[in-house]
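Novice: Provided herewith is a single structure, encoded as structure tokens, for subsequent inquiry.
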Amino acid sequence: MNRFERDFTGEAKLEYGDADFMILEPGAYVLCAVTGEKIPLNQLRYWSSELQEAFKDAQAATKRWLEIHSEPGMQT
């Protein structure tokens, strides 16, 4: 068995870059920063390198971006 054939469990720890991520601690999933849902690593497509957060889909990523980048008092 090589290192890519292991069945990892638990939450992975990642470092998010602009175009990819680096696995710091192996695991099966990461948590969505907006919903708290588990995202299997092979389905992870959305994250913020600025915030170092993962998102389950484009809607969650957009919601978080608007929370961070909207000025106080602005309607979103």
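Novice: Name the single residue that is modelled with the lowest pLDDT among those in segment 36-55 being open to solvent by 100 Å² or more (accessible area, probe 1.4 Å) and touching a helix residue (DSSP H, G or I) at 6+ places or on another chain (Cβ under 9 Å).
Specialist: GLU50
Novice: Which one is farthest from ASP7 (Cα to Cα), of the residues in segment 17-35 that are within 10 Å of the chain's Cα centre (by Cα) and not in a strand (DSSP E or B)?
Specialist: VAL34
Novice: Starting from segment 47-58, keep only residues that are on the phi > 0 side of the Ramachandran plot, then list their pairs with residues that are part of a strand (DSSP E or B) and of a type outside the set (Gly, Ala, Ser) whose Cβ atoms are within a distance under 7 Å, requiring at least 6 positions of separation or different chains.
Specialist: Listed pairs, sorted by first residue: GLN52/TYR16.
Novice: Out of ALA28, ALA58, ALA33, which single residue is exposed (fewer than 12 other Cβ atoms within 10 Å of the Cβ), among the aliphatic types (A, V, I, L, M) and touching a Lys or Arg at 6+ places or on another chain (Cβ under 9 Å)?
Specialist: From the options ALA28, ALA58, ALA33, the qualifying one is ALA58.
Novice: For segment 1-14, state whether one or more residues are surrounded by 11 or more Cβ atoms within 10 Å (Cβ to Cβ) and of a type in the set (Gly, Ala, Ser).
Specialist: Yes, that holds for at least one residue.
The values are calculated or read from the model by the stated rules, or taken from the named source; none is laboratory data. This one's a predicted model, so the numbers in the text were calculated from it and none came from an experiment. For neighbour counting, all protein chains shown are included, and Cβ atoms are generated from backbone atoms with ideal geometry for every residue, glycine included. Ligands, DNA and RNA are excluded from the accessible area calculation, which covers all protein heavy atoms including side chains. Shrake-Rupley method; radii C 1.70, N 1.55, O 1.52, S 1.80 Å.
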